[in-house]
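See below for the structure under consideration.
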Amino acid sequence: MATLSKNDVLKLAQLARLHLSEAEVKNFQGEINEILGYVEKLQAVDVNGLEPTVQVTGLKNVMRDDVVRTYQALPEALLKGAPQREDSSLKVKRVL
Amino acid sequence: MDSWESIESLVASVKSGGTSAQALVLQALENIDKGAEFEAIISVHKTAAIERAKIIDKKIQDGDTAGRLLGVPFIAKDNYLSFGGETTAASNMLKGFKAPYQATAINRLEAEGAICVAKANLDAFAHGSSTENSDFMVTKNPHDTSRVPGGSSGGSAAAVVLNMASFALGTDTGGSIRLPASFCGAVGYKPTYGRVSRSGVVAMASSTDVIGPITRSVDDAALVLDCMAGKDELDSTSIDLDVSLANLKPELKGKTVGVIKEFMGEGVHEDVKRVVNDKVQELSAAGATIKEISLPSLDLALACYYIIVPAEISSNLSRYDGQRYQYSDPTATNLQDSYVLSRSKGFGVEAKRRIMIGTYVLSSGYYDAYYKRAQLVRTKIVREFAELFSSVDFMVSPVAPFTAFKIGENTDDPLQMYLADVMTVGASLAGIPAISLPAGESQGLPIGIQIMASQGSDLELLSFAKAVEGLGK
């Protein structure tokens, strides 16, 4: 059974772009290990010959014509939700 | 007002001039005010709702009475994008967010003349079973303010029971409509996956997210669902089953009902078992054939769910990066910091916990052992349901092993909280329709019965549920 160390938790947080407080690291380590322990029962299941279920609709490749359409929201309305913008672009902090 | 009449009779009164859309909206607003202590509502769309009601009343005066929900006020869970106010998903991340477009479901209800009067509280981003994970406030159970309303659609269920509107909308990823409906004493309907477009609803776990109504009766649920259902080009997983859900034909005689053995045993509150058993007895007396059935894979459903769902959550919530939607940490000096600080401050503890689990089960080296294995086990669960539905028309079980628990009782133990979903996640993984119907009570707290049907059998399920609802009346 996999057990997460404190370093594993910190690495996961980094992957998920989260900064965790000392207390969060400690709590998450215990809680996630408990949850991983609970889901461990799946390892014993015989899954031979089964295909993974990705979705349950039975739909396949829902296609549409590749054309520009006007939907409910115009670009201007969509941009309004962004914290910072310049003209028709999202503005972000410097990369480096 | 003691309680709202059926939607059908409200609409009839509005059309005949017996009441008006404005009067109904004002009644809803008054009841929302009266129930403020329950903290079921995040925001009230007062101005927009009154404005819409005036327009509808004017149309009626001019002789245009089209609309199956004409003038009927409703409340949407605050993860539905709607005009007329903010859409927050009860999260600090989206606090203040004005939706640039509306959910298809809301557009379709409005097209039938319904009026959104308010937005209901939820566990932030719908992550939870008690509404305690809201970043803003904890909704109280209408029957006992020291207890939770269930979740994540706790505000919606409480609002219906508190008569704050005629009906409410919820979302159900693993039980989030059915559990609060059971805890609060309302009808909660989770349709077949894909039956209603998810466009404009804040995504949680895309492979099990469905949206549905919380109402006072099965007829109301069927009508609201019928108005929302059907293919939508904005959600490519939506399906058109081309069946009207509005005209139910209640029938119990000759139906075969499977009682799920695994959910009537140890660990289930005695009163919950009593209420379900009593209902099963009534069904039998009314001419239904009762069978005890076993779904051995259901024991795996919760474990399967708590891998697949966090995985999809970690992916869906990656869009909240401080650059595109609402909250952005002002102290960040570069882009990387802005991602990290915005997410760390904008997400509450449960969102972070699920993102962490999801990131883990999807990470290189663990993907096969966790995520892929859960998808394989999911296939087993889906097949087991499908096979059993060849020998029974419906399955019944409790909605949850217990009644509404105390506020704070499970907040320190996430795994214990997750166990509240143990009886509801199976239907979510299988994509089948399921309903929570009020069936009894224990010490003043409501107990619901869950009825499930095969994929696509929404009309059959609602018809059957209506017959069950009529038992003993």
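When the Karplus curve 6.51 cos²θ - 1.76 cosθ + 1.60 is applied with θ = phi - 60°, which whole-Hz ³J(HN,Hα) does each residue of region B:364-372 get, with x for Gly and Pro?
Result, rounded to whole Hz: 3, x, 10, 3, 5, 5, 10, 5, 5.
Take B:Y80, B:Y325 and order them by how many other Cβ atoms sit within 10 Å, fewest up front.
The most exposed by this proxy come first: B:Y325, B:Y80.
Rounded, prolate or oblate for chain A? Axes are the square roots of the Cα gyration tensor eigenvalues, ordered a ≥ b ≥ c, and the cut-off for rounded is a/c under 1.5.
Judged from the Cα gyration tensor, chain A comes out oblate (a/c at least 1.5, b/c at or above a/b).
What percent do you get for the relative contact order of chain B when only Cα pairs under 8 Å and 6+ apart count?
Normalised by residue count, the contact order of chain B is 17 percent.
To the nearest 0.05, what FRET efficiency results for B:L415 and B:Q61 with a Förster distance of 41 Å applied to their C-beta separation?
The value I calculate is 0.10.
If you count, for every residue in A:30-39, the Cβ atoms of partner chains within 10 Å of its Cβ, what is the mean?
For peptide A:30-39, the averaged partner shielding equals 6.
Amide H to amide H, which residues 5 or more places from A:R85 or on other chains are under 5 Å from it, using H placed in the peptide plane?
Amide H to amide H, under 5 Å and 5 or more residues apart or across chains, A:R85 pairs with A:K91.
Give, rounded to the nearest 20 debye, the magnitude of the charge dipole that chain B has about its Cα centre when Lys and Arg contribute +1 at Cβ and Asp and Glu contribute -1 at Cβ.
Once rounded to the nearest 20, the dipole reads 480 debye.
Once you charge only the Cβ atoms, +1 for Lys and Arg and -1 for Asp and Glu, what is the size of the charge dipole of the protein assembly as shown about its Cα centre, to the nearest 20 debye?
Magnitude of the dipole: close to 960 debye.
In whole Hz and in residue order, list the ³J(HN,Hα) couplings for region B:53-67 that follow from phi through the Karplus curve 6.51 cos²θ - 1.76 cosθ + 1.60, θ = phi - 60°; x for Gly and Pro.
Rounded to whole hertz, the list is 4, 4, 4, 5, 4, 5, 4, 5, 4, 7, x, 9, 10, 6, x.
Along the positive direction of the dipole of chain B (beta-carbon charges: Lys, Arg +1; Asp, Glu -1; about the Cα centre), which of B:A430, B:G175, B:L122 reaches farthest?
Working it through, the farthest residue towards the positive pole turns out to be B:A430.
Hey, rough spin-label estimate for B:R324 and B:E37, points 7 angstrom out along Cα→Cβ, what's it come to in nanometres?
4.4 nm
How would you classify region B:86-183 from its alpha-carbon gyration tensor, with a ≥ b ≥ c the square roots of the eigenvalues: rounded for a/c under 1.5, else prolate if a/b is greater than b/c, otherwise oblate?
Oblate, since a/c reaches 1.5 and b/c is not below a/b.
Of B:F38, B:M356, B:T215, which is farthest towards the positive pole of chain B's charge dipole, taken about the Cα centre with +1 and -1 on the beta-carbons of Lys, Arg and Asp, Glu respectively?
B:M356
Assign unit charges at the C-beta atoms only (+1 for Lys and Arg, -1 for Asp and Glu), then state the dipole size of chain A relative to its Cα centre in Debye, rounded to the nearest 20.
440 debye
Give the long-range amide H neighbours of B:L169: residues separated by 5 or more places, or on another chain, with amide H under 5 Å away, using H modelled in the peptide plane at 1.01 Å from N.
When sequence neighbours closer than 5 places are left aside, the close amide H contacts are B:I75, B:A76, B:K77, B:I214.
By counting other Cβ atoms within 10 Å of each Cβ, how are A:V56, A:V45, B:V425 ranked from fewest to most?
The most exposed by this proxy come first: A:V45, A:V56, B:V425.
Hey, with R₀ at 22 Å, roughly what FRET efficiency would A:Q72 and B:S206 work out to, going by the Cβ-Cβ distance, to 0.05?
Computed FRET efficiency for A:Q72 and B:S206 comes out at 0.60.
From the phi angles alone, apply the Karplus equation (6.51, -1.76, 1.60; θ = phi - 60°) to region B:228-234 and give each ³J(HN,Hα) in whole Hz, x where the residue is Gly or Pro.
Result, ordered by residue: 8, 6, x, 4, 9, 5, 7 Hz.
Given the -39500 (n - 2.57) contribution per DSSP H run of 4+ residues, what per-residue ellipticity at 222 nm results for the protein assembly as shown, rounded to the nearest 500 deg cm²/dmol?
Counting only the DSSP helices, I get -11500 deg cm²/dmol.
Just checking the output field for A:7-20: average partner chain Cβ neighbours within 10 Å of each residue's Cβ?
Averaged over the peptide's residues, the number is 6.
Between region B:385-434 and region B:126-158, how far is it from one alpha carbon centroid to the other, in angstrom?
17 Å
Can you list the residues, at least 5 places off or on another chain, whose amide H is less than 5 Å from the amide H of B:G258, using H built in the peptide plane?
B:K291, B:D393, B:F394, B:M395, B:V396
Using Cβ contacts closer than 10 Å as the measure, can you line up B:S342, B:S207 from fewest to most?
Exposure proxy ranking, most exposed first: B:S207, B:S342.
So which of A:K80/B:K345; B:K34/B:K352; A:K91/B:K98; A:K80/B:K46; A:K93/B:K95 end up more than 27 Å apart, counting from Cα to Cα?
B:K34/B:K352
Subtract the Cα-Cα distance of B:E266 and B:S244 from 0.36 nm times their separation in residues, and report this length gain in nm to one decimal.
3.9 nm
Every number here is computed from the coordinates shown, using simple stated rules; none is lab data. Because the structure is a prediction, the values reported are computed rather than measured. Counting neighbours? That spans all protein chains shown, and the Cβs are built from the backbone with ideal geometry, glycine included.
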